[in-house]
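Below you'll find the structure, written out as structure tokens, and then a few comments.
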Amino acid sequence: MNIRIRTINKYNMKNGGNLMKNYKRSLAILTAALLAATPLAATGLTALEAVAADLSITDSDKQAHDYNAYQIIKGTLDNGELKNLSWGANINSDALVTALNNADNQAAIGISGTVANSVDAVAKVLSEIDKTSDDYPKQIEKLAKIIASCKTGTATDLDQGNTDATADTFSATGLDTGWYLILDETPAPLATGDATTGVRVKSADILKLTGDTEINAKHSLPTLEKKIVENSSEVDANTAAIGDVVTYVIKTKVPDITGYDKYFFVVDDTLSPGLTYNGDIAVTIKPQTGDAVTLTKDPDTTYTNPYNGDYYVDPPTYNESTGTAIKVVFENAIDVFDDYKAGDDITITYTATVNSNAVITNQGNPNTAKLTYSNDPNTTGNGKDEGHPDEPGSGAPTGETPWDTVKTFTTAIKIKKVDQDGNKLTGAKFKLECNSLNEVKVTSGYKFVEDTNGDYYLLKDGSYTTTEPTATNADLYDTAASGKKFKKTEAEDTYTEKATGSPLAVEALVDSNGYITFTGLKAGEYTLTETQAPNGYNAGTPITITISNSAAPSLEGGPNWTYSGGKNFDTTDNTYLVEVENRYGATLPSTGGIGTKLFYIFGSLLVVGSGVLLITKKRMNTKEN
């Protein structure tokens with residue numbers, strides 16, 4: 001009866017199960033066969049009998065691999081123990097003994113003293129590394145690397161068998177019992193996996209083969225997750241107004257750095273043009289037990305040893321088409337992560353402000369991030385340049401997570417001013433009020449700007465007049481603008497205006513076609529008031545517009561805007577259309593506000609005079625009677 005020993009290679013990190021590419025990982029886990037002898041009675045073998053064993057590897061990533069078994073030491077079984085040891089066919093024994101006597105190597109694998117140039121002495125090293133030590137994973141990984149550097153000859157290939165729905169099997173039969181180095185030597189570049197399996201993994205296992213053995217290869221890969229923090233919750237999408245600050249969080253984990261002499265760990269982040277980075281990145285690591293630790297940001301502009309921080313942020317770069325690129329680089333990541341365990345939480349937070357470049361379509365304003373990490377402990381790779389040794393250079397062995405994206409949506413209200421026949425009207429002025437306002441991008445026909453050569457003056461009611469203030473009419477003018485002149489810009493214009501007052505409000509004039517657009521709005525109840533009607537027309541009554549979301553914003557479904565009177569909503573560009581009609585009025589034409597006020601005054605005098613006349617006439621009639 002054959003003894004089957006299952007060895008499961010595990011990483012400490014949670015498998016993200018996402019599309020990843022170019023990942024090579026080194027494992028060095030001594031199998032159960034290394035830790036316990038196989039009982040002779042279970043095999044039915046006699047002492048010192050040569051045994052032919054079968055080896056199989058089951059890999060769940062559904063990718064092609066090139067697994068090979070290198071024979072280090074061979075021997076025969078004696079009561080379940082390997083005896084009559086001799087060097088295997090695939091090891092340079094002199095090179096291996098020399099490497100095992102190297103002081104740095106001995107410190108790395110936890111041994112001391114001279115290792116004799118004999119197969120028994122090397123077998124003792126293989127057997128006696130302290131598996132109870134906290135450093136055991138690192139030590140066994142280093143030992144695998146040492147042996148790999150001394151391999152020679154042609155290995156035994158593990159053939160790929162039939163694949164089933166969940167895994168591939170790679171196997172070799174008739175192997176001599178003994179010690180083997182099992183390597184995945186799939187040539188680079190490694191093929192990517194699919195959305196559910198991740199990618200292929202390069203592994204290096206030291207295996208004591210004393211009977212049929214099955215290895216289950218398990219892949220757990222570095223992951224990155226990006227979210228928006230909205231009302232203490234983490235979401236993939238939100239809505240915001242221009243000027244609002246959005247908080248972002250990036251989550252990843254401390255990687256397994258076992259076996260690495262150099263480790264690259266870089267987070268790239270890109271904000272779309274509608275988002276302005278506020279320069280406030282913070283990085284923390286939360287151990288599985290204990291409080292989160294805030295890492296130190298390097299204030300320098302060159303990042304070499306001696307390091308002045310745990311990470312640095314490359315100076316952000318801006319592109320009109322793609323937006324702002326940010327790069328967070330962990331300095332000498334081996335030292336940073338050495339104080340933590342694989343799987344400890346890494347959190348990166350920062351904020352950005354929605355700006356006037358924000359788009360209002362369902363495309364939204366994306367913010368996306370990815371992680372680049374080392375993936376081959378057997379190859380160090382060079383840094384980008386002398387001043388950036390912790391950013392991977394060309395050819396450095398690295399893998400990447402997929403880009404993870406979040407989006408911020410915003411919307412707009414567009415007003416069309418018409419008369420009772422549907423013809424466009426100009427000269428109207430509207431005020432948009434809502435405490436959800438921050439900054440608003442206004443697209444209108446013209447506006448008034450302060451200019452010492454201007455011809456207009458600002459009145460208290462917000463309108464403008466060409467009539468100069470005098471001592472007798474001074475109370476009609478805005479005191480804050482006393483002595484200031486304004487110029488009317490005739491060309492259509494787009495500008496950003498900060499909302500002011502209580503409630504917060506912005507105000508602007510329609511363009512030459514009767515339109516005005518307020519862009520960069522979020523959910524809220526808005527009041528639209530016509531503060532100035534075209535000459536000869538009565539102003540319309542205030543309009544209340546409620547903007548909300550029929551469902552939570554999402555990456556797939558978009559913002560899910562809903563408006564009061566939603567029949568006027570343009571789903572193409574997420575804009576609420578409001579048509580405001582004016583009718584001819586009985587009032588005299590307004591000339592910038594003063595004419596209207598004078599009309600009210602004279603009208604009031606006429607009313608008073610008529611009343612006096614009526615009373616006088618009644619009194620006279622009474623006397624006559």
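The values are calculated or read from the model by the stated rules, or taken from the named source; none is laboratory data. Since we're looking at a predicted model, the values are computed, not measured. Here the Cβ is made from the backbone with ideal geometry for all residues, glycine too, and neighbour counts use every protein chain on show.
Might you check whether a residue that is part of a strand (DSSP E or B) and modelled with pLDDT under 75 occurs anywhere in region 203-214?
The answer is yes; a qualifying residue exists.
Considering only region 126-137, how many residues are of a type outside the set (S, T, N, Q), surrounded by fewer than 17 Cβ atoms within 10 Å (Cβ to Cβ) and within 17 Å of L96 (Cα to Cα)?
Going through region 126-137 one residue at a time, the tally reaches 1.
P273 is checked against (1) surrounded by 18 or more Cβ atoms within 10 Å (Cβ to Cβ); (2) part of a strand (DSSP E or B) and fails just one. What number does that condition carry?
P273 satisfies all of (1) surrounded by 18 or more Cβ atoms within 10 Å (Cβ to Cβ); (2) part of a strand (DSSP E or B) except (2).
Provide a single number: the residues in region 243-295 that are farther than 23 Å from A333 by Cα, of a type in the set (S, T, N, Q) and more than 14 Å from the chain's Cα centre (by Cα).
Within region 243-295, residues that are farther than 23 Å from A333 by Cα, of a type in the set (S, T, N, Q) and more than 14 Å from the chain's Cα centre (by Cα) number 2.
So if I check each of A325, A369, A342, which one is surrounded by 15 or more Cβ atoms within 10 Å (Cβ to Cβ) and farther than 19 Å from T223 by Cβ?
Matching residue, one of A325, A369, A342: A325.
Residues are listed down the side, and each one gets a yes or a no for (1) of a type in the set (S, T, N, Q); (2) touching a Leu at 6+ places or on another chain (Cβ under 6 Å); (3) in the same structural domain as L437 (by TED's automatic domain parsing):
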| position | (1), (2), (3) |
| --- | --- |
| G323 | no, yes, no |
| K327 | no, no, no |
| D338 | no, no, no |
| I348 | no, no, no |
| A358 | no, no, no |
| Q363 | yes, no, no |
| T372 | yes, no, no |
| G383 | no, no, no |
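Restricting attention to region 298-313, which residues are crowded, with 17+ Cβ neighbours inside 10 Å and either under 24 Å from T276 (Cα atoms) or in contact with a Gly (Cβ under 9 Å, 6 or more places away or on another chain) (or both)?
Scanning region 298-313 gives D298, Y303, Y311, Y312, V313.
Of all the residues that make up region 345-382, how many are in contact (Cβ under 8 Å) with a residue 60 or more places away in the chain and more than 22 Å from T247 (Cβ to Cβ)?
Residues in region 345-382 being in contact (Cβ under 8 Å) with a residue 60 or more places away in the chain and more than 22 Å from T247 (Cβ to Cβ): 11 in total.
Every residue in region 363-397 that is closer than 30 Å to A237 by Cα and not charged (D, E, K, R), please.
Result: Q363, G364, N365, P366, N367, T368, A369, L371, T372, Y373.
Which residue pairs have Cβ atoms under 9 Å apart, sit 6 or more places apart or on different chains, and have a first residue in region 171-199 that is assigned to a strand (DSSP E or B) and a second that is of a type in the set (K, R) and modelled with pLDDT of 90 or more?
D176/K74; G178/K74; W179/K74; L181/K151; L183/K151
Run A539 past the list (1) crowded, with 17+ Cβ neighbours inside 10 Å; (2) small (G, A, S); (3) closer than 30 Å to V359 by Cβ and report the number of the one that doesn't hold.
(3)
Could you list, in sequence order, the residues of region 105-119 that are hydrophobic (A, V, I, L, M, F, W, C) and either under 17 Å from A148 (Cα atoms) or surrounded by 17 or more Cβ atoms within 10 Å (Cβ to Cβ) (or both)?
Within region 105-119, A108, I109, I111, V115, V119 qualify.
Would you tally the residues in region 242-255 being farther than 29 Å from E320 by Cβ, buried (at least 18 other Cβ atoms within 10 Å of the Cβ) and out of contact with any Gly (no Cβ under 8 Å at 6 or more places or on another chain)?
Of the residues in that region, 2 qualify.
For the subset of region 405-440 comprising residues that are at pLDDT below 95 and acidic (D, E), which member is surrounded by the most Cβ atoms within 10 Å (Cβ to Cβ)?
Within region 405-440, the match that is surrounded by the most Cβ atoms within 10 Å (Cβ to Cβ) is E439.
Every residue in region 372-384 that is surrounded by fewer than 22 Cβ atoms within 10 Å (Cβ to Cβ) and either out of contact with any strand residue (DSSP E or B) (no Cβ under 8 Å at 6 or more places or on another chain) or not in a strand (DSSP E or B) (or both), please.
D376, N378, T379, T380, G381, N382, listed by residue number.
Counting only residues that are touching a Lys or Arg at 6+ places or on another chain (Cβ under 7 Å) and at pLDDT below 90, which one in region 164-185 is surrounded by the fewest Cβ atoms within 10 Å (Cβ to Cβ)?
Looking at residues that are touching a Lys or Arg at 6+ places or on another chain (Cβ under 7 Å) and at pLDDT below 90, I get D168.
Here are some residues: K424, K407, K460. Which one is touching a residue at least 12 places away in the same chain (Cβ under 8 Å) and closer than 21 Å to V506 by Cα?
Every option except K460 fails the conditions.
Picking from T258, T284, which residue would you name as being in the same structural domain as E320 (by TED's automatic domain parsing), farther than 18 Å from P402 by Cβ and in a strand (DSSP E or B)?
The conditions single out T284.
What number of residues within region 427-457 are small (G, A, S), part of a strand (DSSP E or B) and under 15 Å from L504 (Cβ atoms)?
Selection size over region 427-457: 0.
What pairs come up if the first residue lies in region 128-140 and is more than 20 Å from I182 (Cα to Cα), the second is exposed (fewer than 12 other Cβ atoms within 10 Å of the Cβ), and their beta carbons are under 6 Å apart, counting only those six or more places apart or on different chains?
Hits for this filter: zero, empty list.
Of everything in region 354-382, what is over 24 Å from the mean Cα position of the chain (by Cα) and of a type outside the set (D, E)? Give them in sequence order.
Hits for region 354-382 are P377, N378, T379, T380, G381, N382.
(1) within 30 Å of E230 (Cβ to Cβ); (2) without any contact (Cβ under 8 Å) to a residue 40 or more places away in the chain: which one isn't true of G454, the others all being true?
Going through the list (1) within 30 Å of E230 (Cβ to Cβ); (2) without any contact (Cβ under 8 Å) to a residue 40 or more places away in the chain, G454 breaks only (1).
Take the residues in region 547-569 that are more than 24 Å from D236 (Cα to Cα) and outside any loop (DSSP other than H, G, I, E, B), then tell me which one is modelled with the lowest pLDDT.
Going through the qualifying residues, I end up with G566.
Could you please give the count of residues in region 318-335 that are closer than 21 Å to T296 by Cα, under 22 Å from the mean Cα position of the chain (by Cα) and not in a strand (DSSP E or B)?
2
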